[in-house]
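Everything on this sheet refers to the single structure shown next.
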Amino acid sequence: MSGAGGDGTAEAVDRGTAPAAPAAGGRIIFLNGTSSSGKSSIAKALLQILDEPSFHMPVDAFHAMRSRREVSSEELPDVLRRTWMGYHRAVAGMAAAGNDIVVDHVLSEEWRLLDCLGLFRPADVVLVGVRCSLEELERREQARGDRPAGLAARQFRRVHAHGLYDVECDTSTAGALDCARQISAFLSQRPFPTAFQQLRTKLRPDLPAAG
(Lines give C-alpha, C1' and ligand atoms only; values in the text may rest on other atoms or scores of the structure.)
Protein backbone atom coordinates (compact mmCIF):
# COMPACT_ATOMS: atom_id res chain seq x y z
CA MET A 1 0.00 0.00 0.00
CA SER A 2 1.34 3.45 -0.84
CA GLY A 3 2.10 5.88 1.96
CA ALA A 4 -0.07 8.92 2.58
CA GLY A 5 2.53 11.12 0.94
CA GLY A 6 2.23 9.24 -2.35
CA ASP A 7 5.96 8.53 -2.51
CA GLY A 8 5.54 4.77 -2.97
CA THR A 9 6.83 3.94 0.51
CA ALA A 10 5.03 1.08 2.27
CA GLU A 11 2.78 2.35 5.02
CA ALA A 12 4.45 1.46 8.31
CA VAL A 13 1.67 2.30 10.78
CA ASP A 14 -1.54 0.31 11.29
CA ARG A 15 -4.43 2.68 10.60
CA GLY A 16 -6.15 1.46 13.77
CA THR A 17 -3.40 2.53 16.19
CA ALA A 18 -1.62 5.77 16.97
CA PRO A 19 2.16 5.85 16.35
CA ALA A 20 4.32 5.71 19.43
CA ALA A 21 5.97 8.95 20.48
CA PRO A 22 9.71 9.07 19.72
CA ALA A 23 12.00 8.32 22.65
CA ALA A 24 13.96 11.51 21.99
CA GLY A 25 13.77 14.55 19.79
CA GLY A 26 15.66 14.88 16.54
CA ARG A 27 18.93 16.76 16.23
CA ILE A 28 18.82 20.37 14.99
CA ILE A 29 21.90 21.62 13.14
CA PHE A 30 21.26 25.35 13.40
CA LEU A 31 23.15 27.36 10.76
CA ASN A 32 23.22 31.07 11.60
CA GLY A 33 24.72 33.74 9.38
CA THR A 34 23.94 36.79 7.31
CA SER A 35 22.20 36.75 3.98
CA SER A 36 24.57 35.47 1.25
CA SER A 37 26.92 33.87 3.79
CA GLY A 38 26.47 30.41 2.24
CA LYS A 39 24.13 28.73 4.72
CA SER A 40 21.89 27.12 2.10
CA SER A 41 24.87 25.67 0.22
CA ILE A 42 26.26 24.20 3.44
CA ALA A 43 22.83 22.76 4.32
CA LYS A 44 22.54 21.06 0.93
CA ALA A 45 26.04 19.63 1.31
CA LEU A 46 25.20 18.36 4.81
CA LEU A 47 22.20 16.45 3.51
CA GLN A 48 24.54 14.61 1.13
CA ILE A 49 27.01 13.49 3.81
CA LEU A 50 25.04 13.03 7.06
CA ASP A 51 24.49 9.40 8.05
CA GLU A 52 20.87 9.80 9.14
CA PRO A 53 17.95 11.07 7.04
CA SER A 54 17.66 14.83 7.59
CA PHE A 55 15.46 17.69 6.47
CA HIS A 56 16.70 21.10 5.33
CA MET A 57 14.23 23.71 6.60
CA PRO A 58 15.26 27.17 5.33
CA VAL A 59 13.31 30.20 6.49
CA ASP A 60 13.25 31.50 2.92
CA ALA A 61 10.97 28.58 2.01
CA PHE A 62 8.45 29.76 4.58
CA HIS A 63 8.52 33.32 3.29
CA ALA A 64 7.97 31.92 -0.21
CA MET A 65 4.76 30.17 0.92
CA ARG A 66 3.08 33.50 1.63
CA SER A 67 0.47 34.77 -0.83
CA ARG A 68 1.76 37.28 -3.36
CA ARG A 69 -0.69 40.04 -2.50
CA GLU A 70 0.94 43.34 -1.64
CA VAL A 71 1.42 44.03 2.06
CA SER A 72 1.51 47.61 3.32
CA SER A 73 4.56 48.93 5.13
CA GLU A 74 2.43 49.15 8.30
CA GLU A 75 1.42 45.48 8.08
CA LEU A 76 4.76 44.06 7.00
CA PRO A 77 6.56 43.91 10.39
CA ASP A 78 3.72 41.89 11.94
CA VAL A 79 3.46 39.61 8.90
CA LEU A 80 7.20 38.92 8.97
CA ARG A 81 7.23 38.31 12.73
CA ARG A 82 4.34 35.83 12.48
CA THR A 83 6.15 34.05 9.64
CA TRP A 84 9.32 33.69 11.73
CA MET A 85 7.35 32.51 14.77
CA GLY A 86 5.51 29.93 12.67
CA TYR A 87 8.79 28.78 11.16
CA HIS A 88 10.33 28.25 14.61
CA ARG A 89 7.34 26.18 15.70
CA ALA A 90 7.41 24.10 12.53
CA VAL A 91 11.06 23.25 13.16
CA ALA A 92 10.31 22.43 16.80
CA GLY A 93 7.44 20.16 15.74
CA MET A 94 9.52 18.27 13.21
CA ALA A 95 12.32 17.76 15.75
CA ALA A 96 9.86 16.71 18.48
CA ALA A 97 8.64 13.96 16.13
CA GLY A 98 12.19 12.59 16.02
CA ASN A 99 13.34 14.11 12.72
CA ASP A 100 16.88 15.46 12.25
CA ILE A 101 16.74 19.02 10.91
CA VAL A 102 19.18 21.42 9.28
CA VAL A 103 18.01 24.96 10.00
CA ASP A 104 19.01 27.90 7.79
CA HIS A 105 18.52 31.01 9.94
CA VAL A 106 19.42 34.70 10.40
CA LEU A 107 19.56 35.76 14.06
CA SER A 108 19.68 39.46 13.24
CA GLU A 109 16.97 40.30 15.79
CA GLU A 110 17.38 39.24 19.42
CA TRP A 111 13.79 38.05 19.84
CA ARG A 112 14.34 35.30 17.24
CA LEU A 113 17.02 33.65 19.36
CA LEU A 114 14.97 34.10 22.54
CA ASP A 115 11.99 32.43 20.86
CA CYS A 116 14.07 29.48 19.66
CA LEU A 117 15.64 29.05 23.11
CA GLY A 118 12.16 28.50 24.52
CA LEU A 119 11.08 26.06 21.80
CA PHE A 120 14.01 23.77 20.99
CA ARG A 121 15.44 21.15 23.34
CA PRO A 122 18.87 22.74 23.96
CA ALA A 123 20.79 19.46 24.24
CA ASP A 124 19.66 18.56 20.70
CA VAL A 125 20.82 21.78 19.03
CA VAL A 126 24.19 22.17 17.32
CA LEU A 127 24.63 25.93 16.91
CA VAL A 128 26.84 26.73 13.91
CA GLY A 129 28.20 30.18 13.16
CA VAL A 130 28.49 30.69 9.40
CA ARG A 131 30.86 33.60 8.97
CA CYS A 132 32.02 35.46 5.88
CA SER A 133 33.95 38.67 5.33
CA LEU A 134 31.87 41.77 4.65
CA GLU A 135 33.73 42.38 1.40
CA GLU A 136 32.85 38.91 0.12
CA LEU A 137 29.25 39.23 1.32
CA GLU A 138 28.82 42.45 -0.64
CA ARG A 139 30.35 40.85 -3.73
CA ARG A 140 27.98 37.89 -3.53
CA GLU A 141 24.99 40.11 -2.85
CA GLN A 142 25.68 42.16 -5.95
CA ALA A 143 26.26 39.05 -8.06
CA ARG A 144 23.01 37.43 -6.88
CA GLY A 145 20.84 40.41 -7.62
CA ASP A 146 17.92 38.97 -5.60
CA ARG A 147 18.61 40.67 -2.28
CA PRO A 148 18.15 44.33 -1.24
CA ALA A 149 21.43 46.22 -1.55
CA GLY A 150 23.17 46.47 1.80
CA LEU A 151 21.15 43.70 3.49
CA ALA A 152 24.20 41.64 4.50
CA ALA A 153 26.00 44.74 5.78
CA ARG A 154 23.01 45.66 7.98
CA GLN A 155 22.94 42.15 9.44
CA PHE A 156 26.71 41.78 9.75
CA ARG A 157 27.21 43.04 13.33
CA ARG A 158 23.88 41.85 14.70
CA VAL A 159 23.68 38.26 13.52
CA HIS A 160 26.51 36.96 15.73
CA ALA A 161 25.88 39.35 18.66
CA HIS A 162 25.07 36.51 21.10
CA GLY A 163 28.72 35.48 20.69
CA LEU A 164 28.58 31.75 21.41
CA TYR A 165 28.66 28.72 19.08
CA ASP A 166 29.36 25.02 19.19
CA VAL A 167 31.31 25.21 15.93
CA GLU A 168 32.09 27.93 13.38
CA CYS A 169 33.07 27.97 9.72
CA ASP A 170 34.17 30.73 7.36
CA THR A 171 32.89 30.62 3.80
CA SER A 172 35.36 33.34 2.79
CA THR A 173 38.09 30.71 2.90
CA ALA A 174 36.30 27.34 2.70
CA GLY A 175 33.76 25.88 0.29
CA ALA A 176 30.33 24.58 1.30
CA LEU A 177 31.37 20.92 1.23
CA ASP A 178 34.45 21.58 3.37
CA CYS A 179 32.28 23.44 5.90
CA ALA A 180 29.75 20.59 5.88
CA ARG A 181 32.53 18.07 6.52
CA GLN A 182 33.82 20.19 9.41
CA ILE A 183 30.36 20.28 10.97
CA SER A 184 29.78 16.57 10.40
CA ALA A 185 33.12 15.68 12.01
CA PHE A 186 32.21 17.78 15.04
CA LEU A 187 28.92 15.97 15.71
CA SER A 188 30.44 12.86 17.28
CA GLN A 189 32.61 14.82 19.70
CA ARG A 190 30.53 17.85 20.64
CA PRO A 191 30.91 18.84 24.30
CA PHE A 192 28.22 19.56 26.86
CA PRO A 193 26.75 21.88 27.87
CA THR A 194 25.92 22.90 24.32
CA ALA A 195 25.94 26.51 23.21
CA PHE A 196 22.13 26.47 23.26
CA GLN A 197 22.11 25.18 26.85
CA GLN A 198 24.48 27.96 27.92
CA LEU A 199 22.53 30.64 26.06
CA ARG A 200 19.23 29.45 27.49
CA THR A 201 20.63 29.67 31.04
CA LYS A 202 22.00 33.14 30.36
CA LEU A 203 19.24 34.72 28.25
CA ARG A 204 16.09 32.87 29.38
CA PRO A 205 16.29 32.60 33.18
CA ASP A 206 12.48 32.51 33.14
CA LEU A 207 12.64 28.96 31.71
CA PRO A 208 13.37 25.68 33.54
CA ALA A 209 17.00 24.57 33.61
CA ALA A 210 18.17 23.51 30.15
CA GLY A 211 18.17 19.76 29.48
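Residues in segment 27-101 average 53 Å² of solvent-accessible surface per residue, probe 1.4 Å, ligands and nucleic acids excluded.
The heavy atoms of Ser73 offer some 90 square angstrom of accessible surface to a 1.4 angstrom probe.
Tell me, which longest segment in the chain has none of the trypsin sites (Lys or Arg not before Pro) that fall in DSSP loops with at most 12 further Cβ atoms within 10 Å? Can you show the working numbers first?
Working: sites that count: Arg15, Arg66, Arg68, Arg69, Arg157.
The segment 70-156 is the longest one with no such site.
How large a share of the accessible area of the chain, in percent, is made up of carbon and sulfur atoms when the probe is 1.4 Å and the other protein chains stay in place? Exposed carbon and sulfur together represent 52 percent of the surface.
In the chain, a dipole from Cβ-located charges (positive for Lys and Arg, negative for Asp and Glu) runs towards its positive end, and of Tyr87, Leu151, Cys169 it is Leu151 whose Cα lies farthest in that direction.
For the chain, Cys116, Cys132 stand unpaired, since no other cysteine beta carbon lies under 4.7 Å from theirs. About its Cα centre, the dipole of segment 70-150 is roughly 260 debye, where the only charges are +1 on Lys and Arg Cβ and -1 on Asp and Glu Cβ. May I ask for the net charge around Val128, where only other residues with Cβ less than 15 Å from the Cβ of Val128 are counted and Lys, Arg are +1 while Asp, Glu are -1? Computed value for this residue: -1.
Charge dipole of segment 34-191 (Cα centre as origin; +1 on each Lys and Arg Cβ, -1 on each Asp and Glu Cβ, all else neutral): 220 debye, rounded to the nearest 20. Measure nothing fancy, just the Cα-based angle from helix 39-49's long axis to the longest principal axis of the chain, in degrees from 0 to 90, nearest 10. The helix 39-49 is inclined about 40 degrees to the chain.
The values are calculated or read from the model by the stated rules, or taken from the named source; none is laboratory data. None of these values were measured; they are calculated from a predicted model. So basically every Cβ, Gly included, is an ideal-geometry build from the backbone, and we count neighbours across all protein chains shown. Side chains included, ligands, DNA and RNA excluded: accessible areas come from the protein's heavy atoms. Shrake-Rupley method; radii C 1.70, N 1.55, O 1.52, S 1.80 Å.
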